[in-house]
Amino acid sequence: MNPVLCPPILQVAIVYSKDETLAEIGKIQFWRHRIDVGHGIVTPGRNDTERDVAYLSLPEDMTGKRVLDIGCSDGYFSFLCEERGAEVVSVDHVPGLPGKPGQHGFRVAAKLRGSQARFHWLSVYDMNKIDGEFDIILFLNVLYHLKHPLLALENVYGKLVEGGEMYLKTFFYQDFRYGKYGFDIFRKSLCRFYEKNELNNDYSNWWAPNKRCLEAMIRCTGFRGVCFLARYSDRLYYKTRK
Ligand SMILES: C[S@@+](CC[C@H](N)C(=O)[O-])C[C@H]1O[C@@H](n2cnc3c(N)ncnc32)[C@H](O)[C@@H]1O
């Protein structure tokens, strides 16, 4: 797959030399996102965020919109929304690592891109520490990392303006024994709990709802219109509205 050059950096924003840029991106051990940081250099991320963008169908024009990117990681989606005209607030947090944002590349990428997105090392459980409400909230690939997913959904809901939209992507529970029909075979809301590292050998994974359960959770939070956008492999994509 070709390196993802979206969102492209504005040439006027390039203030670091090529060597300085390479030195900066080398400070981050693990890049999740491929981000254009100028001089034709793209951060060495592994995720296919271009596919996510295609499935999510985010608005092309976000002029005048406030966007909150929860679990922003290196910031690909924050920078995309910024390039589309939004005022962006980005938060990330790793439970057990208070005050240590250095493991993600957001600050480095933002500096190199000259981004105005405001970053907070803050948990989704602490959304009351962020000022104001948002027109669009991105909640991508975070839900299954949370011990308290319903509380988190309520916090997201609380930060949206009336009519505001949440874009959600998450891992979901499916039973592969039933082949291509397996992903919602049970016709019941079920949520699987991972006490240890059973899911992908990762201790930060807690809950995986099946499709029916995920949609019920979104509805129970108060969202109107649960719009299923796509399923890709073990991920589901949704858009919903306050
Ligand atoms: C799998 S990554 C997804 C990154 C990005 N949203 C994407 O879709 O590519 C999950 C992110 O959620 C963050 N995260 C985990 N728990 C969180 C919490 N309680 N509050 C905010 N972010 C959290 C992690 O640090 C990580 O950056």
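The values are calculated or read from the model by the stated rules, or taken from the named source; none is laboratory data. Just so it is clear, the structure is predicted and the values come from calculations on it, not from any experiment. All Cβ positions, glycine included, derive from the backbone under ideal geometry; neighbour counts span all protein chains shown.
Tabulated data for the structure shown
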{"read-out": "Qualifying residues in region 204-226 (those that are free of Cβ contacts under 8 Å to residues at least 24 places away in the same chain and surrounded by 15 or more Cβ atoms within 10 Å (Cβ to Cβ)) - the one nearest to Leu150 (Cα to Cα)", "value": "Glu215"}
{"read-out": "Of the criteria (1) touching a Phe, Trp or Tyr at 6+ places or on another chain (Cβ under 7 Å); (2) within 12 Å of the ligand (Cβ to nearest atom), which one Pro44 fails", "value": "(2)"}
{"read-out": "Conditions (1) buried (at least 19 other Cβ atoms within 10 Å of the Cβ); (2) over 30 Å from Ser233 (Cα atoms); (3) within 14 Å of the ligand (Cβ to nearest atom); number of the one not met by Ile130", "value": "(1)"}
{"read-out": "Residue pairs meeting the criteria (Cβ under 6 Å; at least 6 apart or on separate chains; first touching a residue at least 60 places away in the same chain (Cβ under 8 Å), in region 40-54; second not in a loop (DSSP other than H, G, I, E, B))", "value": "Thr43/Ile25"}
{"read-out": "Residue within region 66-78 that is over 23 Å from Arg235 (Cβ atoms) and modelled with pLDDT of 90 or more present", "value": "yes"}
{"read-out": "Qualifying residue in region 81-88 (condition: free of Cβ contacts under 8 Å to residues at least 40 places away in the same chain and either touching a helix residue (DSSP H, G or I) at 6+ places or on another chain (Cβ under 7 Å) or within 11 Å of the ligand (Cβ to nearest atom) (or both))", "value": "yes"}
{"read-out": "Filter result (at pLDDT below 95 and of a type in the set (Val, Ile, Thr)) within region 158-191", "value": "Ile185"}
{"read-out": "Failed item, numbered, when Ala117 is tested on (1) in contact with a strand residue (DSSP E or B) (Cβ under 7 Å, 6 or more places away or on another chain); (2) of a type in the set (Gly, Ala, Ser); (3) under 24 Å from Glu215 (Cα atoms)", "value": "(3)"}
{"read-out": "The one condition in (1) within 13 Å of the ligand (Cβ to nearest atom); (2) modelled with pLDDT of 95 or more that Thr63 fails to fulfil", "value": "(1)"}
{"read-out": "Of all residues in region 20-39 being in contact (Cβ under 8 Å) with a residue 40 or more places away in the chain and exposed (fewer than 13 other Cβ atoms within 10 Å of the Cβ), the one that is farthest from the ligand (Cβ to nearest atom)", "value": "Lys27"}
{"read-out": "Restricting region 133-144 to residues that are buried (at least 20 other Cβ atoms within 10 Å of the Cβ) and within 9 Å of the ligand (Cβ to nearest atom), the residue that is farthest from Val161 (Cα to Cα)", "value": "Tyr144"}
{"read-out": "Residue in region 105-125 that is free of Cβ contacts under 8 Å to residues at least 24 places away in the same chain and within 12 Å of the ligand (Cβ to nearest atom) present", "value": "no"}
{"read-out": "Residue count for region 46-72, restricted to those that are in contact with a Gly (Cβ under 8 Å, 6 or more places away or on another chain) and not charged (D, E, K, R)", "value": "3"}
